[in-house]
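S.K.: Just dropping this structure here.
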Amino acid sequence: MIYEVSPLAVAIFLLFVGSTIGLSFFLGRKTQTSEGYFAAHGQVPWAVNGIAFAGDYLSAASFLGICGMIAFYGYDGFLYSIGYLAGWIVALFVIAEPMKRLGRFTFADALDSQFDSRGIKLAAGISTLAVSVFYLIPQMVGAGALIQPLLGLPHWVGVVLVGATVIVIVVTAGMVSTTWVQFLKGSMLVIFSFILSAMVLSRGLEVTPPGTGPNALQTIGPLSASELAQLQEIDGRVRLPETDPWVDSGFVRLENPAGGFDVFSVRQQDDQVWLDQAQAVTTATDGSQQIDGLPKGDGEGQRLLRPVGHVASLPDGQTATGPLGPLQFFRTLQDSEVVLWGNRRLVHPDQTVTTVYYQKPTEGGRILRPGEHPVFAGIRSGQTKDRIEFLSLMLALFCGTASLPHILIRYYTVKDEAAARKSTIVGITSIGVFYVLTLYLGLGAMTSGALDVTNSNMAAPLLARSLSPLLFAIISAIAFTTVLGTVSGLILASSGAVAHDLLSGFLGISLNGQQQVRVAKVAAVIVGGIAILLGIAFVEMNVSYLVGWAFSIAASANLPALTMLLFWKRTTRQGIIASVIVGMVSSLGWILLSADTFTQVYGLRADQAWAPLSQPGIVTIPLAYVTLIVVSLATGSRRDTAVAD
Amino acid sequence: MPTDSDADLTTAATAARKQNMQLGLSLFALYTALYGAFVLTSAFYPDVMEIRPGGGLNLALLWGFGLIVVAILLSFVYGMFSRVAGAKQ
């Protein structure tokens, strides 16, 4: 069984959530003013702020999404780690100190510092909301994915639980409680990822031969390739007829004496074939599921998916390596063969869908190179469009970090520019260490024998489960707190945009500090509610991929305006407004019209999509820069002083 | 009323900011070149990333880890050589 509700895990989970909420109420009394609520009075020590940066930034996408992608595809998930960290270079060397100098509560403050323009406040406020909502979706999806196995509750309950907890955190104490929650989460995430990585290395790698182990998957063969089609009985078992959609599917089904069937993928070598056991999940139109022909469940006459992930062979015929060093781990894996899992979707005449998950023995050298994940496979296709898609994503990751409103507002919580710089350095160091560890965690999960083939987001917690029940409980609770920390920051940024930028700044509604805080709290409840609904709607998408979209919108809408304000003296108010709007609308519109959204959200065909690429950054980021330059030149009024001076 | 001492502090802060900005932009350009080369090589010459230049690890691993380590090192360099932009602003 992959998932089993553990009282220990539930107890630790409740302890974490209870402590977090308790901390928020304790700190709530310090935040009666807008300075306290939005910026923690600018009194957060730089070292604490640095770790809080890590807590804010290392979201469900980093922990659950990247580890899951590495566990299922190898090195490609690590490309996200590299891109996410590279973005901090932009934040430190270009944005950090000016941001602290120019702003007070929100991203719009910095952008509007030279102009006092209602238009800039409106554009930047809406952009903050758009980016934050897109970033919220994967966090909520990750929360739901965690709750399901941890507490045995449905996905939507997890989403609602995160939404409700975060609303309490943000409403009670704003930036003060958010900072401390993020500090605790960032510290624990890095420490326990380190412990988990050390245990992966200590365990080493071990070969699992076919048909062995507690969750053995059978391999049948060799059989004659030319006779396979005629065989009515294989391995002493009746072969099921190839009705639609199984005809020419490449899969063979054999009757299972316990009920249902076992499905096998056909692996051909010369004129011989082997049948490798696969797993079939059939989903009816009413949502009910069957596993290999039996209802899903652990009762009589029911079946569950088997956990997967094993090494097929090690170098020099070894069967187990014993403990491995940090570099030796990669050297060994490079020359091994690991069984990854592919999947194929078969649609029945009554619209029931069967997804067959099948074994893909893969050389270690391929796992540790870019280009195995469907998103990145295009770099080996030889097609220019696929390569541009890859460049576009990597550009968005590079430019996106320094444009995320919930990250930028953290610069207001320290006392001066030097503290902003130092806290960014602490943030880069802790985030960098964590990203190095993601490769050990992901590859450790890949070979742990504990993976759920249907849910890549659960790879890291399941790796922990394969090592120790206590570690599973702690890692799951940390992962949940990870979501809490990031979602708190996002909702705080959104509520600030509503109360400070849109109502006070744009509409000119006069609010004193306490009234602003009250409005921000109401906004936090509303944004939290929207996040809950979106988290339920986007349940099946990989969280890291969704975050890639949020980065594209942030990088297109915010970075051009912010950098040009700092470095180009002829930037005008109209140029900034146009750049933010064009960057936001073009990137958001592009994503909504892309092939990925068509297939995964609308349920349409990829060839019906209007946008030529799924990742918009390579077009929309330059477009926002060009818009700013053209509009600024056309509107012409020079600023007397350059902010950069 | 602003005093001469205030003016000195402002001038010193401006000079410090300018120096920090120049240092930051230089380090940014250096890192961007490393990152850009990594991304372009992965996109247009993915097979090159499989070469094992030394230590038994392929280029994808060495370069990928290198980018993370260099980012941390450059941030320390920036922290050591940047100036405090004046206490009074």
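S.K.: Kindly evaluate A:Gly508 against the criterion of being in contact with a Lys or Arg (Cβ under 9 Å, 6 or more places away or on another chain) and in contact (Cβ under 8 Å) with a residue 24 or more places away in the chain.
M.R.: Taking the combined requirement at face value, the residue satisfies it.
S.K.: All but one of (1) touching a residue at least 60 places away in the same chain (Cβ under 8 Å); (2) surrounded by fewer than 24 Cβ atoms within 10 Å (Cβ to Cβ) hold for A:Ile526, so report the exception by its number.
M.R.: For A:Ile526, the exception is condition (1).
S.K.: Look at A:Arg306 and say whether it is part of a loop (DSSP other than H, G, I, E, B), surrounded by 15 or more Cβ atoms within 10 Å (Cβ to Cβ) and among the charged types (D, E, K, R).
M.R.: Yes: the conditions hold for A:Arg306.
S.K.: Only helices (runs of 4 or more DSSP H) wholly contained in region A:549-645 count here; list those with 3 or more residues that are within 25 Å of the chain's Cα centre (by Cα) and within 21 Å of A:Ile137 (Cα to Cα).
M.R.: Output list reads A:573-592, A:595-600.
S.K.: Considering only residues that are surrounded by fewer than 16 Cβ atoms within 10 Å (Cβ to Cβ) and either more than 30 Å from A:Gln302 (Cα to Cα) or at pLDDT 80 or above (or both), which ones fall in region A:1-32?
M.R.: A:Pro7, A:Leu8, A:Ala11, A:Leu14, A:Leu15, A:Gly18, A:Ser19, A:Gly22, A:Phe25, A:Phe26, A:Arg29, A:Gln32
S.K.: Look at region B:9-28 and say how many of its residues are at pLDDT 85 or above and crowded, with 16+ Cβ neighbours inside 10 Å.
M.R.: Selection size over region B:9-28: 6.
S.K.: So for region A:400-418 (the condition being free of Cβ contacts under 8 Å to residues at least 24 places away in the same chain, within 11 Å of chain B (Cβ to nearest Cβ), in contact with a helix residue (DSSP H, G or I) (Cβ under 7 Å, 6 or more places away or on another chain) and basic (Lys, Arg)), does at least one residue qualify?
M.R.: So far as region A:400-418 goes, no, none of its residues is free of Cβ contacts under 8 Å to residues at least 24 places away in the same chain, within 11 Å of chain B (Cβ to nearest Cβ), in contact with a helix residue (DSSP H, G or I) (Cβ under 7 Å, 6 or more places away or on another chain) and basic (Lys, Arg).
S.K.: Follow-up question, since we're still on this one. Can you tell me which of (1) more than 14 Å from every other protein chain (Cβ to nearest Cβ); (2) buried (at least 23 other Cβ atoms within 10 Å of the Cβ) is the one A:Thr454 doesn't meet?
M.R.: Checking A:Thr454 against (1) more than 14 Å from every other protein chain (Cβ to nearest Cβ); (2) buried (at least 23 other Cβ atoms within 10 Å of the Cβ), the one that fails is (2).
S.K.: Among the numbered criteria (1) more than 7 Å from chain A (Cβ to nearest Cβ); (2) closer than 15 Å to A:Leu368 by Cβ; (3) in contact with a Ser or Thr (Cβ under 8 Å, 6 or more places away or on another chain), which single criterion is violated by B:Leu23?
M.R.: (2)
S.K.: Let me ask you something else. Can you give me the number of residues within region A:115-141 that are in contact (Cβ under 8 Å) with a residue 12 or more places away in the chain and surrounded by fewer than 24 Cβ atoms within 10 Å (Cβ to Cβ)?
M.R.: Residues flagged as in contact (Cβ under 8 Å) with a residue 12 or more places away in the chain and surrounded by fewer than 24 Cβ atoms within 10 Å (Cβ to Cβ) within region A:115-141 amount to 11.
S.K.: To continue, here is another question. Answer yes if at least one residue in region A:111-124 is hydroxyl-bearing (Ser, Thr, Tyr) and farther than 20 Å from A:Val522 by Cα, and no otherwise.
M.R.: yes
S.K.: Is at least one residue of region A:377-385 closer than 24 Å to B:Gly64 by Cβ, surrounded by 20 or more Cβ atoms within 10 Å (Cβ to Cβ) and within 19 Å of the chain's Cα centre (by Cα)?
M.R.: No, region A:377-385 contains no residue that is closer than 24 Å to B:Gly64 by Cβ, surrounded by 20 or more Cβ atoms within 10 Å (Cβ to Cβ) and within 19 Å of the chain's Cα centre (by Cα).
S.K.: I'd like to know if region A:279-301 contains one or more residues that are of a type in the set (Ser, Thr, Tyr) and part of a strand (DSSP E or B).
M.R.: yes
S.K.: If I go through region B:36-83 residue by residue, how many of them are among the aromatic types (Phe, Trp, Tyr), outside any helix (DSSP H, G or I) and within 24 Å of B:Gln19 (Cα to Cα)?
M.R.: Within region B:36-83, residues that are among the aromatic types (Phe, Trp, Tyr), outside any helix (DSSP H, G or I) and within 24 Å of B:Gln19 (Cα to Cα) number 0.
S.K.: Here is a further query. Which of the residues belonging to region B:52-73 are more than 7 Å from chain A (Cβ to nearest Cβ) and at pLDDT 95 or above?
M.R.: B:Leu59, B:Leu62, B:Trp63, B:Gly66, B:Val69, B:Val70, B:Leu73
S.K.: A further question on this structure: Please identify the pairs in which a residue from region A:49-64 that is assigned by TED's automatic domain parsing to the domain that holds A:Leu404 and of a type in the set (S, T, N, Q) has its Cβ atom under 6 Å from the Cβ atom of a residue that is crowded, with 24+ Cβ neighbours inside 10 Å and modelled with pLDDT of 85 or more, counting only partners at least 6 apart or on another chain.
M.R.: A:Asn49/A:Thr413; A:Asn49/A:Val414; A:Asn49/A:Ser423
S.K.: May I pose another question? Take the conditions more than 7 Å from every other protein chain (Cβ to nearest Cβ), surrounded by fewer than 13 Cβ atoms within 10 Å (Cβ to Cβ) and part of a helix (DSSP H, G or I) and apply them to B:Ala33. Does it pass?
M.R.: yes
S.K.: Next question. Out of (1) surrounded by fewer than 20 Cβ atoms within 10 Å (Cβ to Cβ); (2) within 28 Å of A:Tyr358 (Cα to Cα), what's the single condition that is false for A:Leu205?
M.R.: The single condition A:Leu205 does not satisfy is (1).
S.K.: Sticking with this structure for a sec: Can you name the number of the only condition in (1) in contact (Cβ under 8 Å) with a residue 24 or more places away in the chain; (2) within 8 Å of another protein chain (Cβ to nearest Cβ); (3) in a helix (DSSP H, G or I) that A:Pro370 fails?
M.R.: (3)
S.K.: Could you check how many residues of region A:415-458 are in a helix (DSSP H, G or I) and either modelled with pLDDT of 90 or more or more than 21 Å from the chain's Cα centre (by Cα) (or both)?
M.R.: Residues in region A:415-458 being in a helix (DSSP H, G or I) and either modelled with pLDDT of 90 or more or more than 21 Å from the chain's Cα centre (by Cα) (or both): 30 in total.
S.K.: Of all residues in region A:68-92, which are among the hydrophobic types (A, V, I, L, M, F, W, C), farther than 30 Å from A:Glu417 by Cβ and either touching a His at 6+ places or on another chain (Cβ under 6 Å) or facing another protein chain (nearest Cβ under 7 Å) (or both)?
M.R.: A:Phe78, the sole residue that qualifies.
Here is a yes/no grid of residues against (1) at the interface with chain B (Cβ under 10 Å from one of its Cβ atoms); (2) of a type in the set (A, V, I, L, M, F, W, C):
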site	(1), (2)
A:Leu340	no, yes
A:Thr362	no, no
A:Gly378	yes, no
A:Asp386	yes, no
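S.K.: Continuing with this model, one more query. Quick check on region A:267-276. Is at least one of its residues at negative phi, in the same structural domain as A:Gln359 (by TED's automatic domain parsing) and part of a loop (DSSP other than H, G, I, E, B)?
M.R.: yes
S.K.: Further question on the same structure: Hey, can you tell me all the residues within region A:225-256 that are outside any strand (DSSP E or B) and without any contact (Cβ under 8 Å) to a residue 12 or more places away in the chain?
M.R.: Once the filter is applied, which keeps residues that are outside any strand (DSSP E or B) and without any contact (Cβ under 8 Å) to a residue 12 or more places away in the chain, region A:225-256 yields A:Glu227, A:Ala229, A:Gln230, A:Leu231, A:Gln232, A:Gly236, A:Pro241, A:Glu242, A:Thr243, A:Val247, A:Asp248.
S.K.: For A:Asp109, state whether it is away from every other protein chain (no Cβ under 14 Å), charged (D, E, K, R), farther than 30 Å from B:Leu34 by Cα and not in a loop (DSSP other than H, G, I, E, B).
M.R.: Criteria met by A:Asp109.
The values are calculated or read from the model by the stated rules, or taken from the named source; none is laboratory data. Because the structure is predicted, anything quoted here is derived from the model rather than measured. Because the Cβ atoms are built from the backbone with ideal geometry, glycine has one as well, and the counts that use them run over all protein chains shown.
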